[in-house]
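Some notes on the structure that comes next.
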Amino acid sequence: MKKDSDERILEFIELSRLYDRYGGLLSEKSKKIVESYVVYDMSLGETAAETGLSRQGVRDVLIRSHEKLKKIDEVLKLVDGYDLINDALDKIEKELLSLENNYIKRTLSGSGNYKSDEELSGIDISEIKERIEEIRKIIS
């Protein structure tokens with residue numbers, strides 16, 4: 001039973017991510033049903049009552065919509081692409097933090113005066129972080 005529950009959670013997450021990227025490509029009816037389920041966390045029964053469909057009808061629309069969104073993503077591959085970009089940005093932020101911490105440690109200990117320290121002191125790390133956040137906003 002646990003596996004079944006875990007699979008449903010993974011499917012819900014996948015549907016949420018796909019809807020986030022491609023939901024605009026669904027029909028209005030499908031959009032409303034997927035949005036009720038994913039965004040507003042409504043049950044199948046609640047969504048059925050709101051849309052005038054049966055619970056099974058809502059489930060069928062969700063399944064068809066999920067399949068349609070998966071097929072779209074198989075072609076466009078935006079979800080994985082955005083994940084790769086976010087992973088790369090995470091690594092850049094981690095490296096920046098490490099550089100910043102090492103620079104501060106060397107400066108405080110008086111063991112600076114390295115060429116790399118001079119180069120780092122001219123870099124505006126906060127501006128780089130701002131650019132990273134701008135990229136994250138663009139791709140979200």
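The values are calculated or read from the model by the stated rules, or taken from the named source; none is laboratory data. What you see is a predicted model; the values in this text were computed from it and never measured. Positions of Cβ are generated from backbone atoms using ideal geometry, with glycine treated the same way; all protein chains shown enter the neighbour counts.
Brief remarks on what is shown
- Residues of segment 32-63 satisfying the condition of being exposed (fewer than 14 other Cβ atoms within 10 Å of the Cβ) and at negative phi: Val39, Tyr40, Ser43, Gly45, Ala49, Ser54, Gln56, Asp60, Ile63
- Remark: Leu18 falls outside the filter, which requires a residue to be under 30 Å from Ile128 (Cα atoms), surrounded by 15 or more Cβ atoms within 10 Å (Cβ to Cβ) and in the same structural domain as Ile128 (by TED's automatic domain parsing).
- Single condition Lys77 does not satisfy, out of (1) of a type in the set (Lys, Arg); (2) touching a residue at least 12 places away in the same chain (Cβ under 8 Å); (3) closer than 20 Å to Ile139 by Cα: (2)
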